[in-house]
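Reading through the structure tokens given below for one structure.
Just so you know, all these numbers are worked out from the coordinates, no wet-lab data involved. Predicted, not measured: the structure shown is a model, and the values here were computed from it. We place every Cβ from the backbone using ideal geometry, glycine too, and count neighbours over all the protein chains shown.
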Amino acid sequence: MQENNGKRSFVPLSLEEDFKILQAENFEAEQAVFHHAVQETLLQFHFCMRGTAIFRYHEGSYVQNIQESSSNLLYNPQLILPMDVLMDPDTEVVSILMSIQKFHSLFSDDAGHISFLSPANISKKYYHTKEISPAMMVVLKQMVHSKIHPSMLSLYLKAKVYELLSLYFNTNAETAIEQCPFLADETNVQKIRQAKTIVLEHLAEPPSLQELADQIGLSLKKLKEGFKQLYGDTVYGYLLEHKMEEARRMLNSQQYNVNEVGLKLGYSTSSHFIAAFKKKYGTTPKKYLMSLSS
């Protein structure tokens, strides 16, 4: 089913026989209802970029809620799950439907951190909720707002889905805190997380490392060690990654010019922002912005 009346739309796009993307949005004042028939048991990934939605299966006998900036993963090998989607006003959702065989082919045999890939779990139901990271949100917005020639659209979206799944299943030091002696103390973990929150809330004008250490009540040495062990990067390295993600998000919105983005992110000159962006993405922000409207 494809529906598009300007204020609400539901667009399924088949990339392969067992692999498709659904883009749904509702900008009406009332709740919108979409239906999509599913002919086989498929993995279902649902990413709510904004708003809230309800996924109903088998006439409401099974219901999943999904909130803004969160995702649901559902797999039931014993049951085909056609979807009825109830979307609140001002809601955008991207869904990925994929066979388990297709999904397996994307990963090597040593992807042991993905629990339902193990042979023991292949016939079991699986359900998981996960927050959408800033990097994942960037990819989702690129998928929704891409201006790719129709002949290249399928290839482009496949690449973006693979990028999205790699970010979704990526593991980092935060998932293995128990392996880090320094962070075995939950108090230290909370302090390091507090430090992360502080720097992200002050992207444009972050505190110095010493000021940050004083705010969270750790020594400078423990702040540096703990942050690297928990997030896999230095404080300012982590901050730079988020600055660049935010820069790309702002450019994708096409509401800001290059100078405005640089100023909002705390760069004293546009040349400093341009150099950082080019080092990260291999192109200048101006060329990136031009590519969005080309």
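In the chain, which whole DSSP H runs stretch at least 24 Å along their own axis (Cα) and average -1.0 or higher on the Kyte-Doolittle scale?
Those that pass (Cα extent of 24 Å or more, hydropathy at least -1.0) are 150-168, 235-253.
Remind me, relative contact order of the chain in percent, using alpha carbon pairs under 8 angstrom and six or more residues apart?
13 percent
Kindly write out, for region 72-84 in residue order, the coupling ³J(HN,Hα) from the Karplus curve 6.51 cos²θ - 1.76 cosθ + 1.60 (θ = phi - 60°), rounded to whole Hz, with x marking Gly and Pro.
Couplings: 10, 10, 9, 8, 9, x, 9, 9, 7, 10, x, 10, 10 Hz.
Expressed in nm to one decimal, what extension gain is obtained for the pair residue 268 and residue 39 from 0.36 nm per residue of sequence separation less their Cα-Cα distance?
Length gained between residue 268 and residue 39: 76.9 nm.
Distances longer than 27 Å among the Cα atoms of the chain: what percent of all pairs is that?
Here the tail beyond 27 Å accounts for 51 percent of pairs.
From the square roots a ≥ b ≥ c of the eigenvalues of the alpha-carbon gyration tensor of region 238-293, which class results: rounded (a/c under 1.5), prolate (a/b over b/c), or oblate?
Note, shape of region 238-293 comes out rounded.
Quick one: putting +1 on the C-beta of Lys and Arg, -1 on the C-beta of Asp and Glu, what dipole do you get for region 195-268 around its Cα centre, in Debye to the nearest 20?
For this selection, approximately 180 debye.
Which of the GluC sites (Glu not before Pro) across region 1-102 are loop residues per DSSP, with 11 or fewer other Cβ within 10 Å?
Those satisfying the criteria are 17, 30, 40, 59.
Counting only trypsin sites (Lys or Arg not before Pro) that are in a DSSP loop and have at most 16 other C-beta atoms within 10 Å, tell me the longest site-free stretch of the chain.
148-294
Please state the shape class of region 1-100: rounded when a/c is under 1.5, otherwise prolate if a/b exceeds b/c and oblate if not, all from the C-alpha gyration tensor.
prolate
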